[in-house]
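Just below is one structure, and these are the notes that go with it.
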Amino acid sequence: MVDVLDHRSLIEERLSVYLMNDKEGMRRSMLQILLERGECTTKELHELLTEAGFEKTYRGICAILGSMNSKLGLLTITTRSRSRIYQMKPECRDVVRYVMENYQSSGSEFD
């Protein structure tokens, strides 16, 4: 059984690597939006990122969200009238904030 500190360390490590590979700053921006808004649909996220100057298709945003969920386990997904609603898991919010505050990424409007 993995204790809370080991789980937190694992998330920190995976998230740091995930953000290191974020050349455009889009992943960081997506995480920041999810932290700030609490919940977001794929459509809303796509619109916000497009407004911020990121060029990614709707399907591309879906792929990144799926990757965040499967590789990092940070998100919960609910469905409301054919829309997927993404939220940061409450137990992950603090560790995501910590990693984002201590990791500098270029290209993010949400810094």
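FYI, it's all coordinate maths here, none of it is from the lab. Because the structure is predicted, anything quoted here is derived from the model rather than measured. Cβ: placed from backbone, ideal geometry, glycine included. Neighbour counts: every protein chain shown.
Please list 3J(HN,Hα) in residue order for the range 35-40, calculated via the Karplus relation 6.51 cos²θ - 1.76 cosθ + 1.60 where θ = phi - 60°; whole Hz, with x for glycine and proline.
Along the range 35-40, the couplings run 5, 6, 8, x, 8, 7 Hz.
Using θ = phi - 60° and the Karplus relation 6.51 cos²θ - 1.76 cosθ + 1.60, list the HN-Hα couplings for the range 70-79 in order, rounded to whole Hz, with x at every Gly or Pro.
Computed from phi, the couplings for the range 70-79 are 7, 7, 10, x, 8, 10, 10, 10, 10, 10 Hz.
What is the sum of charges around Thr42, taking Lys and Arg as +1, Asp and Glu as -1, for the other residues whose C-beta is under 14 Å from the C-beta of Thr42? Kindly include the intermediate steps, with their values, before the conclusion.
Values: positive: Arg37, Lys43, Lys56, Arg59, Arg80, Arg82, Arg84; negative: Glu39, Glu44, Glu47.
Once positives and negatives cancel, what remains is +4.
In what sequence do Tyr98, Tyr86 fall when counting other Cβ within 10 Å, fewest first? List each step's numbers first, then the result.
Details: Tyr98 14, Tyr86 22.
If I rank by nearby Cβ atoms, fewest first, I get Tyr98, Tyr86.
Could you check how many percent of all C-alpha pairs in the range 4-102 are farther apart than 20 Å?
On the way: 1589 of 4851 pairs.
That fraction is 33 percent.
To the nearest 20 Debye, how big is the dipole of the chain about its Cα centre, given +1 on the beta carbon of each Lys and Arg and -1 on that of each Asp and Glu?
Working: 16 positive and 17 negative charges, 108 e Å.
With Lys and Arg at +1 and Asp and Glu at -1, about 520 debye.
Show the residues, 5+ positions off or on another chain, whose built amide H is closer than 5 Å to the amide H of Arg84.
For Arg84, whose amide H was placed from the backbone, the distant partners under 5 Å are Thr42.
If you take the charge dipole of the range 4-102 about its Cα centre, with +1 on Lys and Arg Cβ and -1 on Asp and Glu Cβ, which of Ile61, Leu74, Leu35 is farthest toward its positive end?
The residue sitting farthest along the positive end of the dipole is Ile61.
Net charge around Ile85, counting only other residues with Cβ within less than 14 Å of its Cβ (Lys, Arg = +1; Asp, Glu = -1)? Present the calculation step by step, with values, prior to reporting the outcome.
Values: positive: Arg37, Lys43, Arg80, Arg82, Arg84, Lys89; negative: Glu39, Glu44.
So the surrounding residues net to +4.
Output the peptides 24-33, 40-49 sorted from most to least packed, where packing is the average of other Cβ atoms within 10 Å over each peptide's residues.
Numbers: 24-33: 21.0, 40-49: 17.5.
Ranked by mean Cβ neighbours within 10 Å, highest first: 24-33, 40-49.
Neighbouring Cβ atoms within 10 Å as the yardstick, rank Val95, Val17 fewest first. Walk me through the numbers on the way to the answer.
Details: Val95 18, Val17 11.
Starting with the residue having the fewest Cβ neighbours, the order is Val17, Val95.
Long-range amide H contacts for Leu75: which residues qualify at under 5 Å (H placed 1.01 Å from N, peptide plane, sequence gap of 5 or more or a different chain)?
Close amide H contacts, sequence-distant or interchain: Lys89.
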